[in-house]
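Let me begin by presenting the structure, written as structure tokens, before commenting on it.
Bear in mind that the values in this text are calculations on the coordinates, not laboratory data. Just so you know, these numbers come straight off a predicted model, no measurement behind them. Counting neighbours? That spans all protein chains shown, and the Cβs are built from the backbone with ideal geometry, glycine included.
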Amino acid sequence: MPEPTGVIHDIGYQRYTGPRLGRRQVFGALYLHGVRTVFGLGRSAKAKIFPWLVVGIVVMVAAAVTAISSQIGQRVMTYAQFADSMSWLVIFFVAVAAPELVSRDLRSGVLPLYFSRPLPRADYPLAKLLALATGLWLLLGAPQLVMFFGAAFTSDGMGAVWDELLDLLPGLLYAGLWAGIFASVGLLVAALTGKRAFAAGGIVAVFLMTTPIVGTLTILPSETVNQLAGLASPSTLVQGIGIWAMRDQIVTSLDGGGPDLGPFGPVYALAAVALIAACVALLLARYRKVAAR
Amino acid sequence: MTLIATESLTKVYGGGVTALSELTVAVEPGVVGLVGANGAGKSTLIKLLLGLLTPTAGRIQVLGLDPSTDAAQVRARVGYMPEHDCLPPDLSAAELVTHLGRMSGLPRTVARERASEALRHVGLHEERHRPVGGYSTGMKQRVKLAQALVHDPDLLLLDEPTNGLDPAGRDAMLALVHRIGNEFGISVLVCSHLLGEVERICDTLVAIEGGRLLRADHIAAMTSATDVLAVEVSEGTDALATRLAALDLPVSRDGRLLLVPLADQGTYDLILGAVAELDLPLHRLDQRRHRVAELFAARESSHA
């Protein structure tokens, strides 16, 4: 509260008797701080360049898709397909955001300052993970909203808007899947090193280097191996689940298209759950070790 | 109330390294000095106090709470200043301390207010809005102290707060710690491997060596009744020594100085009388407090 006078009094040290917030609010504060960090908010101008460049690209692509769709009068790509086609951008976004969230803290040695405070050890990595997943989901979801509003305003009648909405919701869910997988894998890799460049390189490597493995597996002379090939890389794993769970949203070309999963759709879903669980478990183990140092 | 109490506290690390062994100590609130050489177990004790490590055996209590079961409650009331560099270079001191205040459970606006208050108390004013990366070592140490202070703890744990500071910086930091302990009403545990530094500001001193307790007591108890008078004459030191010995004073030599235990005010008169009789040029005569280091040295040699 501002004092009515312009004089500065040295009032000495004042004890604090006000409220102290509990674990939930502290977790929330750390989470929000993380989401802001993902987009470079509250950071230097340099830290804002890359995140907002990516955001600019995806929104512009969405706007372009919307504009073309309304011009030619038919859908260019579905919401889920949009998420798929942006996946390579998501990889680079994770490669920048995840080290920013965790590697920086590892390097500067600030973690003892967190772990000497009341929040439980697991809260720090979980809040960061949730923040990264939220950031990725916003990155993929916001352009879908742009597409939705574009389509909604150019369509005629409430029925069309409702159909559009029914298409949007699976798209947002699919974006959530992308976000969950990419955030947990990316954050785990970034938490292993305090060097941001190494972390970024490691993340890109994990996501891109696994693609050739998938390619190799799909040309092996065994149908089962071909159908399970997608499990080898996070990106194809996500696409596999999409094909299994919402085929009409992912595959729109008339000749079928997309990899054939055979009967293994549920395996892909289980693999995704297992992957996220394993990443979270390893992340927590990693921070148990870091905290004891 | 007991500030910190341990009972047969033992910590053995995974590799079989014993960091603390059978440590039993109880200290009262105030400024407590924890001294010991590097590797004596000081940092391990701090981590046990914070509940970051669990004791292998024995019990530990901080502010009446057990950090191994009530870690969150203990940490809410304790502020910790680590020994090593722990400040992200690209954040400003104000941002960092505010954020850490929120992590301690302060509401947003309170955190901001208390952060600038804490930084003001440690002597950082306008520079608090600049990135920490450009700070001097002294300023960084102050920021580390401010973040430990931001949530108004009841106990501060300071691990080597004078590390890397020049003599003037050390004096300033020690004065600050002394002020926190005496004016702010916050108890302080100061870890240091430099005994001479800590003894200047502590009420209580705990000395550990190789994970074992060497001695724990009030500074006053350690230094009282051990005061000596140091006499220095420009010439005739031997003659004066003989003369004082003849007066039944247990005199001892320390280089050019003669040391005489101070029994009462009469000791002054006896010495001055002897100097005057021998007509020696008196260079100085002053009361010297036994430095605590000498006490430990004497104790260790008597053990050996």
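Binning at 10 angstrom from zero up to the longest distance, how are the C-alpha pair distances of the protein assembly as shown distributed in percent?
3, 14, 19, 18, 15, 12, 8, 5, 3, 2, 1, 0, 0
What fraction of the DSSP beta bridges in the stretch B:106-244 is antiparallel, stated in percent and rounded to the nearest 5?
55
Of B:THR109, B:THR162, B:THR24, which is the most mobile in a GNM of chain B whose springs link Cα atoms less than 10 angstrom apart?
Highest fluctuation of the listed residues: B:THR109.
With a ≥ b ≥ c taken as the square roots of the eigenvalues of the C-alpha gyration tensor of the stretch A:23-292, please select rounded if a/c is under 1.5 and otherwise prolate if a/b is larger than b/c or oblate if it is not?
Numbers: a/c = 2.08, a/b = 1.36, b/c = 1.54.
Verdict is oblate for the stretch A:23-292.
In terms of the ratio Rg/(2.2 N^0.38 Å) built on C-alpha atoms, what value belongs to the stretch B:227-288?
0.95
Give the calculated FRET efficiency between A:THR211 and A:ALA292 to the nearest 0.05, with a Förster radius of 41 Å applied to their Cβ-Cβ distance.
0.65
A:ALA45 versus B:THR109, label points 7 Å from Cα toward the beta carbon: distance in nm?
A separation of 3.2 nm, rounded to one decimal place.
Which value results for Rg/Rh of the stretch A:200-293 when Rg is the Cα radius of gyration and Rh the Kirkwood radius based on the inverse mean 1/r?
Details: Rg = 16.0 Å, Rh = 14.8 Å.
My calculation puts Rg/Rh at 1.08.
Run the simple label-point estimate for A:SER222 and B:TYR13 please: 7 Å along Cα→C-beta, distance reported in nm.
In this crude label model, A:SER222 to B:TYR13 measures out at 4.7 nm.
Based on the alpha-carbon set only, what is the convex hull volume of chain B divided per residue, in Å³? Could the numbers behind the result be given before it?
Working: hull volume 50.2 nm³, N = 304.
Given the Cα convex hull of chain B, per-residue volume reads 165 Å³.
Where does the stretch B:100-178 land on Rg/Rh, using Cα atoms and the Kirkwood Rh?
Radius of gyration over Kirkwood radius for the stretch B:100-178 works out to 0.96.
Averaged over B:81-90, how many beta carbons belonging to a partner chain fall within 10 Å of each residue's beta carbon?
Rounded to a whole number, the mean comes out at 4.
If you split all Cα-Cα distances of the stretch A:128-204 into 10 Å bins from zero, what percentages do you get per bin, shortest first?
All Cα pairs, binned at 10 Å, distribute as 19, 35, 23, 15, 8, 1 percent.
What's the ranking of B:65-72, B:10-17, A:130-137 by average number of surrounding C-beta atoms within 10 Å, highest first?
A:130-137, B:65-72, B:10-17
Using r as the Cβ-Cβ distance of B:THR56 and A:ASP248, and R0 as 51 Å, what FRET efficiency do you calculate, to the nearest 0.05?
E(calc), rounded to 0.05, equals 0.25.
Can you tell me the FRET efficiency between B:GLU209 and A:ALA269 if r is taken as the Cβ-Cβ distance and R0 is 35 Å, rounded to the nearest 0.05?
0.05
Out of A:SER233, A:SER116, A:SER69, any idea which swings most in a Gaussian network model of chain A, alpha carbons joined below 10 Å?
Sorting by GNM fluctuation, first place goes to A:SER116.
Can you tell me the order of A:175-188, B:113-126, A:138-151, A:261-274 when each peptide is scored by its average per-residue count of other Cβ atoms within 10 angstrom, highest first?
In decreasing order of mean packing, A:175-188, B:113-126, A:138-151, A:261-274 become A:175-188, A:138-151, B:113-126, A:261-274.
Report the gain in length on full extension from B:LEU194 to B:ARG288: 0.36 nm times residue separation, minus Cα-Cα distance, nm rounded to one decimal.
Going from the current span to full extension adds 31.9 nm.
Could you work out how far apart the two model spin labels at A:ARG23 and A:ALA67 are, taking each label as a point 7 Å from the Cα in the direction of the beta carbon, and quote it in nm?
About 5.1 nm, to one decimal.
Report, to the nearest 10°, how far helix B:93-103 tilts away from the longest principal axis of the Cα atoms in chain B, using its own Cα long axis and a range of 0 to 90°.
70
Using only Cα atoms, tell me the angle between helix A:196-218 and the longest principal axis of chain A; keep it within 0 to 90° and round to the nearest 10.
The angle comes out near 20 degrees.
Can you tell me which lysines have their Cα less than 20 Å from the Cα of B:LYS11? Leave out same-chain residues fewer than eight positions away.
Of all the lysines, those that pass the test against B:LYS11 - Cα under 20 Å, at least 8 places apart if same chain - are A:LYS289, B:LYS42, B:LYS47.
Quick check on the stretch B:4-218: of the DSSP beta bridges with both residues there, what percent are antiparallel, nearest 5%? Spell out each step's value before the answer.
Working: 19 of 37 bridges.
Bridges in the stretch B:4-218 that DSSP calls antiparallel: roughly 50 percent.
Just want the ordering: A:THR154, A:THR193, from fewest to most Cβ atoms lying within 10 Å of their own Cβ.
With the sparsest Cβ surroundings first, the list reads A:THR154, A:THR193.
Specify the inter-centroid distance of the stretch B:105-145 and the stretch B:1-68, based on alpha-carbon positions, in whole Å.
Distance between centres, Cα-based: 29 Å.
Relative to the first principal axis of the alpha-carbon coordinates of chain A, what is the inclination of helix A:45-72, with its axis defined by its Cα atoms, in degrees from 0 to 90 and to the nearest 10?
Roughly 30 degrees, rounded to the nearest 10.
At 222 nm, what value in deg cm²/dmol follows for the protein assembly as shown if DSSP H runs of at least 4 each add -39500 (n - 2.57) and the sum is divided by all its residues, to the nearest 500?
Helix-only estimate at 222 nm: -17500 deg cm²/dmol.
With an 8 Å Cα cut-off and a minimum separation of 6 or more residues, compute the relative contact order for chain A in percent.
In percent, rounded to a whole number, it is 22.
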